[in-house]
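The values are calculated or read from the model by the stated rules, or taken from the named source; none is laboratory data. Keep in mind that what you see is a predicted model, and the values were worked out from it rather than measured. When we count neighbours, we look across all protein chains shown, and the Cβ atoms used for this are built from the backbone with ideal geometry, even at glycine.
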């Protein structure tokens, strides 16, 4: 990872934001996952290897914060980062609409994989009853897509 110092600062920022975000009510808390936003952003910015590495680090940090099965979020976020980075490199995802669609499906798959693995390990029950839990892929895709789009415009000018 060529930009490891920037990436590690971004992951530390996500750790701080996620830690502060945990104090909000449960229904709002499920809406955002800052670690997913950062993993997808770094995968879009630096490629699939950076996405996989940042997914591993961010997922393990999320597991440490949540006190659930250690490695569960690390595994799913690694796949998320690698998949998004690979798709962005192989497919034409420059238009914002295509980018948001791929990001939504990638985040949806990551949430389903995490939920399925959580039920397989019998370690925790995901908050399936919460409507905001199911909106998490949409909000993650929107925030990350718009953040990536704005930073691309900002760096070009």
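Can you confirm whether residue 14 is assigned to a helix (DSSP H, G or I) and either within 16 Å of residue 138 (Cβ to Cβ) or modelled with pLDDT under 75 (or both)?
Here the answer is yes, as residue 14 does meet what is asked.
Quick check on my filter: what residues within region 38-51 are buried (at least 24 other Cβ atoms within 10 Å of the Cβ) and over 21 Å from residue 16 (Cα atoms)?
Of everything in region 38-51, just one residue is buried (at least 24 other Cβ atoms within 10 Å of the Cβ) and over 21 Å from residue 16 (Cα atoms), namely 44.
Is there a residue in region 27-35 that is surrounded by fewer than 18 Cβ atoms within 10 Å (Cβ to Cβ), assigned to a helix (DSSP H, G or I) and at pLDDT 90 or above?
No, region 27-35 has no match at all.
Among the residues of region 58-72, how many are over 10 Å from the mean Cα position of the chain (by Cα) and surrounded by 24 or more Cβ atoms within 10 Å (Cβ to Cβ)?
Of the residues in that region, 1 qualify.
Quick check on my filter: what residues within region 68-103 are in contact with a helix residue (DSSP H, G or I) (Cβ under 8 Å, 6 or more places away or on another chain), in a loop (DSSP other than H, G, I, E, B) and under 17 Å from residue 153 (Cβ atoms)?
93
List pairs: first in region 92-103 and loosely packed, with under 14 Cβ neighbours inside 10 Å, second part of a helix (DSSP H, G or I), Cβ under 6 Å, 6+ apart or cross-chain?
From region 92-103, the pairs are 96/149.
The rows are residues; the columns are (1) farther than 17 Å from residue 18 by Cα; (2) modelled with pLDDT of 80 or more.
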position: 54; (1), (2): no, yes
position: 59; (1), (2): no, yes
position: 81; (1), (2): yes, yes
position: 90; (1), (2): yes, yes
position: 98; (1), (2): yes, yes
position: 116; (1), (2): yes, yes
position: 126; (1), (2): yes, no
